[in-house]
Amino acid sequence: MPSVLVVEDDPSIRQSLIEVLAEQGYAVRSAADGFGALREVTQAPVDAVVLDLGLPDLDGGDALRMIRGISSVPVLVATARDDESEIIGILNAGADDYLVKPFSGGQLLARLAAVLRRTGSTAPAAAVGGTVGPAPAQAGDPLRPTVVGELAVDPGARTAYLAGRELRLTRREFDLLAFLAHHTGRVVSKRRLLTEVWREPYVDDQTVDVHLSSLRRKLGERAAAPRYLLTVRGVGIKLVAPR
């Protein structure tokens, strides 16, 4: 199991990255600042580092140079800074790749797998394809129709029916429903929904809440009396068959 150190000061972004990596089979450690990252790298080796540049104690570029002074571990820089000259400088300072926020979980996994291949390590089998979610043997075909109770969702045809009646959903509502249907019975965090459905893991969770509320209405339910969309407080949402 390859190990990854996530260095990110924003708690919600850090947790989102940890979830994406852990779900794909990585052993994940984390640090919220530059000196914490240096301690982690010094105390125990990791196979790769995902490094933000906007750290509270050290500039990420300085943290990268200090990491390079003690370790040759592959470093994937993941930051909102998109200035070309800075990107070139960071790569010349020893970064193995550079990813500009916002990015999807799939992009992160693909870049990380590529970095590991170049350095002779191997990404988990579930992560090689560059998609976020369970291993293929568990997840099945994401375009295969799913039937949950009286709800039928067909991602390939982009149609959804409830008790034989076609639901009129917006594009985002359908994408949200299809993703939850693909993971029927499993709790999905709002952070992961923002990463995989919106492809924007750094916006407010309220975005998900608004679309869930609209989707509930079209499914004929309320948050106080759910049938299909069950909220697991403090964890996330899961699609279930009504009892």
Stretchable slack from residue 117 to residue 217, in nm (0.36 nm times residue separation minus alpha-carbon distance): 31.3 nm
Ranked by how many other beta carbons lie within 10 Å on average, peptides 45-55, 66-76 from highest: 45-55, 66-76
For the chain, size of Cβ-based charge dipole, Lys and Arg +1, Asp and Glu -1, in debye: 1260
Cut-off 12 Å between beta-carbons: net charge of the residues surrounding residue 70, Lys and Arg +1, Asp and Glu -1: +2
For residue 57, solvent-accessible area (1.4 Å; no DNA, RNA or ligand), Å²: 60
Net charge of Cβ neighbours under 9 Å - reference residue 192; Lys, Arg +1; Asp, Glu -1: -1
Gained length - residue 235 relative to residue 159, 0.36 nm times residue gap less alpha-carbon distance: 24.5 nm
Solvent-accessible heavy-atom area per residue, rounded to whole Å², over the chain at 1.4 Å: 48
The chain: relative contact order in percent, alpha carbon pairs under 8 Å with at least 6 residues between: 15
Relative contact order for region 26-118, counting Cα pairs under 8 Å that sit 6 or more residues apart, in percent: 25
0 to 90° range, to nearest 10: angle between helix 60-70 axis and the chain longest Cα axis: 60
Helix 34-43 vs. the chain, principal-axis angle (Cα, 0 to 90°, nearest 10): 80
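The values are calculated or read from the model by the stated rules, or taken from the named source; none is laboratory data. All of these numbers come straight from a predicted model, not from anything done at the bench. Because the Cβ atoms are built from the backbone with ideal geometry, glycine has one as well, and the counts that use them run over all protein chains shown. With ligands, DNA and RNA removed, areas are computed over all heavy atoms of the protein, side chains included. Shrake-Rupley method; radii C 1.70, N 1.55, O 1.52, S 1.80 Å.
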